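The values are calculated or read from the model by the stated rules, or taken from the named source; none is laboratory data. This is a predicted model, so every value here is computed, not measured. Cβ placement follows ideal geometry from the backbone for every residue including glycine, while neighbour counts extend to all protein chains displayed. Ligands, DNA and RNA are stripped out before the accessible areas are found, and what is left, the full protein with its side chains, is counted by its heavy atoms. Shrake-Rupley method; radii C 1.70, N 1.55, O 1.52, S 1.80 Å.
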Amino acid sequence: MKNYTHLISWISFEIKYDLKNPGMLLSGFLQMVILGYIAFIAHPTMGGKSWIVLLLFCSVIGTQLAVSKAFLNQDRGRWLYIYQLASAGTIIWGKLIYSWIISILMCVWALAVFVFLNDWPLEHTRVFTGLMLLVSIGLGTIFTFTSALSSKSAWGMVVFPILSLPAAIPLILIGSRGTIKCLNPVLVPSVYNDIGFLIGVDLLIVALVISLFSSLWRD
């Protein structure tokens, strides 16, 4: 119960910090509006596959920008404060849960932009929503941990995209394969295999992050 209370307090701490410093979040939202508008101008009558691929691309870029601040924007004084505030387990779980919330919000915002600018091409909304939710959680986890790794480097903002984008490629490929199947009038049963793969990948990534973060934190 005590750990749960500390976790809630840490998430509240993250929310309050972002409300005081909303620049990165607002940049992510604005960037997706710009990317969505560019996609609409370039392909005003885009097909369903192009719609999904560009939507995923915008979600990845916006999420990467918004989640990168998880560790990269911490100065030395704030790190010393964090060391005294909570344990490594509480911090990484708090960061992950908050990053998942941000990732889902970014995905919903990208979807709203694309729906506003283009037609709705999907036939199976509930399955598509589940796939995008799993992709968002995976992206939030990957970007949070690569942000933590990059924060240990003097060139963190350069190292972060180099580490994060290749790590996110398998997740994006599985997600795009599954979401494209939601365009079919009759849902292909193999889409549930894609959902299973995404669940497995998300669980594996979270387990690796939790197990590796303590060593990184002590360093």
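Matching residues to (1) within 20 Å of S50 (Cα to Cα); (2) in contact with a Leu (Cβ under 8 Å, 6 or more places away or on another chain):
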position	(1), (2)
V127	yes, yes
G140	no, yes
L149	no, yes
A167	no, no
V186	yes, no
V206	no, yes
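Residue-wise test of (1) in contact with a Ser or Thr (Cβ under 6 Å, 6 or more places away or on another chain); (2) hydrophobic (A, V, I, L, M, F, W, C); (3) at pLDDT 80 or above; (4) not in a helix (DSSP H, G or I).
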position: W79; (1), (2), (3), (4): no, yes, no, no
position: Q84; (1), (2), (3), (4): no, no, no, no
position: G94; (1), (2), (3), (4): no, no, yes, no
position: M106; (1), (2), (3), (4): yes, yes, yes, no
position: A110; (1), (2), (3), (4): yes, yes, yes, no
position: E123; (1), (2), (3), (4): no, no, yes, yes
position: F143; (1), (2), (3), (4): yes, yes, yes, no
position: A154; (1), (2), (3), (4): no, yes, no, yes
*Only residues that are open to solvent by 50 Å² or more (accessible area, probe 1.4 Å), charged (D, E, K, R) and without any contact (Cβ under 8 Å) to a residue 60 or more places away in the chain: list them for the range 163-219, please.*
R177
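For the range 27-50, give me each residue that is surrounded by fewer than 22 Cβ atoms within 10 Å (Cβ to Cβ) and among the hydrophobic types (A, V, I, L, M, F, W, C).
The initial filter retains those residues of the range 27-50 that are surrounded by fewer than 22 Cβ atoms within 10 Å (Cβ to Cβ), namely 27, 29-31, 33-35, 37-38, 40-50.
Passing the criteria: F29, L30, V33, I34, L35, I38, F40, I41, A42, M46.
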*Do we have I8 as modelled with pLDDT of 80 or more and open to solvent by 20 Å² or more (accessible area, probe 1.4 Å) here?*
no
